[in-house]
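Colleague: Once you've had a glance at the structure underneath, I'll fire off some questions.
The values are calculated or read from the model by the stated rules, or taken from the named source; none is laboratory data. Nothing here was measured: the structure is a model prediction, and the numbers come from that model. Methodologically, a virtual Cβ is constructed for each residue, glycine included, from the backbone with ideal geometry; neighbour enumeration extends over all protein chains shown.
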Amino acid sequence: MQVDQERVISGRGLPLARGYVPCRARLSPRSVNRATMPRLTLRFLGSVFLSLLVAATLIRHARAETPCQIPDNLALRDISLPAAKQEVAADRRLIVLTFGGSQPDGVHVDAASASRDTTYPGRLEAALSAALPEVQVTVANEPPPGKVSADVPAQLPSLIARTGAKVVIWGPGGRDVAAHAGLEAFRNAVNQGIDAVRHGGADLILLDTTFVPSPARMASIEGYRERLLAAAEANHVPLLRRDGLMRRWSEDGTLNLAAQDPAERVIVAHRLFSCVAQGLAAAIASAVR
């Protein structure tokens, strides 16, 4: 959390308040008025307390969440993850590679409140560990490579090799919409990404594009979404229907996707991380047992 600080103005001829020390002066125990130190200490302690309070609130909210309702027609079921299943059978471990989700888009969260407990990879790791208690689960998270989906396929082999991931979860489309990338270039990028993951010896789960309560924005997303769904179906890649799930969660009150207050948007984003993690963990756990 950012706490507003007093702006101190210094100039010739201006009267100086009691306890004020010009910023040009070199501070020393003798030059600092005794009354200044308690005020500085209280401000510092207040800032620390506020940051800790926000962090505690977010973590407490995460722990108190109820499961998200996932309709049967939108749930991932009977998916095949052969590389991950083999790793679990042989080594009793599962390494998953995800991209992004460490901080809500468009909302600043300081380091004190950005606990891994509140992130998408952190919640996915917790959900998978709960579903697979006998398996050592690690969710490795990386920033999305490049600026659009076309930049991702070339980086996937090295990321898979470095992390040792046997499951890659990729949600292409959002950055392409923002960059107005060509639809055919996007379709080719998704197909190339599918091939790159398979050649790297891992399994892939795709995430559908997100839903936003804005007809104009959804109109700009739809072309990318159609090509993503077509690529997943043609290549027999499991896809979590995030768009449909977010619509459902918006309608039933699970998520207030129209929230404008920054603090509420943070809570909504963290709740979304939990819901998506829940939808993925059940399907992955079933596939690797």
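Colleague: Which count do you get for residues in the range 85-121 that are more than 14 Å from the chain's Cα centre (by Cα) and at pLDDT below 60?
Modeller: Taking the range 85-121 first, the residues more than 14 Å from the chain's Cα centre (by Cα) are 85-96, 110-112.
Checking which are at pLDDT below 60 leaves us with 110-112.
Matching residues across the range 85-121 total 3.
Colleague: Please list, ordered by first then second residue, the pairs with beta carbon atoms under 7 Å, 6 or more apart or interchain, first in the range 129-156 and more than 19 Å from Ala178 (Cβ to Cβ), second among the basic types (Lys, Arg).
Modeller: Glu134/Arg92; Val135/Arg92; Val135/Arg93; Gln136/Arg92; Gln136/Arg93
Colleague: Considering only helices (runs of 4 or more DSSP H) fully contained in the range 198-289, which possess at least 3 residues that are among the β-branched types (Val, Ile, Thr)? Steps first, please.
Modeller: Numbers: elements: 215-234, 242-251, 262-288.
Hits in the range 198-289: 262-288.
Colleague: Another question about this same structure. If I filter the range 107-121 for residues that are out of contact with any helix residue (DSSP H, G or I) (no Cβ under 7 Å at 6 or more places or on another chain), surrounded by fewer than 21 Cβ atoms within 10 Å (Cβ to Cβ) and assigned to a helix (DSSP H, G or I), do I get at least one hit? It would help to see each step written out before you state the result.
Modeller: The first filter runs over the range 107-121 and keeps only residues out of contact with any helix residue (DSSP H, G or I) (no Cβ under 7 Å at 6 or more places or on another chain), leaving 108, 111, 114, 121.
Now drop any that are not surrounded by fewer than 21 Cβ atoms within 10 Å (Cβ to Cβ), which leaves 108, 111, 114.
Then keep just the ones that are assigned to a helix (DSSP H, G or I); that gives none.
No, the conditions are met nowhere in the range 107-121.
Colleague: Right, Leu255: modelled with pLDDT of 95 or more, within 27 Å of Pro67 (Cβ to Cβ) and out of contact with any Pro (no Cβ under 6 Å at 6 or more places or on another chain) or not? Lay out the reasoning, then the answer.
Modeller: On the way: modelled with pLDDT of 95 or more: no; within 27 Å of Pro67 (Cβ to Cβ): yes; out of contact with any Pro (no Cβ under 6 Å at 6 or more places or on another chain): yes.
For Leu255, the condition - modelled with pLDDT of 95 or more, within 27 Å of Pro67 (Cβ to Cβ) and out of contact with any Pro (no Cβ under 6 Å at 6 or more places or on another chain) - is not met.
Colleague: Let me ask something else. Just to check your reading of the model, which residue among Glu184, Glu222, Glu226 is over 24 Å from Ala277 (Cα atoms) and over 21 Å from the mean Cα position of the chain (by Cα)? Outline the logic, then answer.
Modeller: On the way: Glu222 fails: over 24 Å from Ala277 (Cα atoms); Glu226 fails: over 24 Å from Ala277 (Cα atoms).
From the options Glu184, Glu222, Glu226, the qualifying one is Glu184.
Colleague: Could you list, in sequence order, the residues of the range 233-266 that are out of contact with any strand residue (DSSP E or B) (no Cβ under 6 Å at 6 or more places or on another chain), surrounded by fewer than 20 Cβ atoms within 10 Å (Cβ to Cβ) and among the aliphatic types (A, V, I, L, M)?
Modeller: Matches in the range 233-266: Ala234, Leu257, Ala258, Ala259, Ala263.
Colleague: Return a yes/no flag: does the range 148-168 have any residue that is closer than 17 Å to Asn235 by Cα and either in a strand (DSSP E or B) or modelled with pLDDT under 95 (or both). Let's see the steps before the verdict.
Modeller: Narrowing the range 148-168 to residues closer than 17 Å to Asn235 by Cα: 153, 167-168.
Imposing the further condition that a residue be either in a strand (DSSP E or B) or modelled with pLDDT under 95 (or both) reduces the set to 167-168.
Taking every residue of the range 148-168 in turn, at least one turns out to be closer than 17 Å to Asn235 by Cα and either in a strand (DSSP E or B) or modelled with pLDDT under 95 (or both).
Colleague: Please determine, by comparing only the residues of the range 231-283 that are among the β-branched types (Val, Ile, Thr) and under 19 Å from the mean Cα position of the chain (by Cα), which one is farthest from Gly101 (Cα to Cα). Can you show your working first?
Modeller: Pass one, the range 231-283, residues among the β-branched types (Val, Ile, Thr): 237, 254, 266-268, 276.
Now drop any that are not under 19 Å from the mean Cα position of the chain (by Cα), which leaves 254, 266-268, 276.
Numbers: Thr254: 19, Val266: 12, Ile267: 13, Val268: 13, Val276: 11 Å.
Once the filter is applied, the top-ranked residue is Thr254.
Colleague: OK, next. If you check Ala216, Ala196, Ala230, which single one turns out to be in contact (Cβ under 8 Å) with a residue 40 or more places away in the chain, of a type outside the set (Lys, Arg) and either touching a strand residue (DSSP E or B) at 6+ places or on another chain (Cβ under 6 Å) or surrounded by fewer than 16 Cβ atoms within 10 Å (Cβ to Cβ) (or both)? Step through it out loud before you land on a result.
Modeller: Details: Ala216 fails: in contact (Cβ under 8 Å) with a residue 40 or more places away in the chain; Ala196 fails: either touching a strand residue (DSSP E or B) at 6+ places or on another chain (Cβ under 6 Å) or surrounded by fewer than 16 Cβ atoms within 10 Å (Cβ to Cβ) (or both).
On inspection, the qualifying residue turns out to be Ala230.
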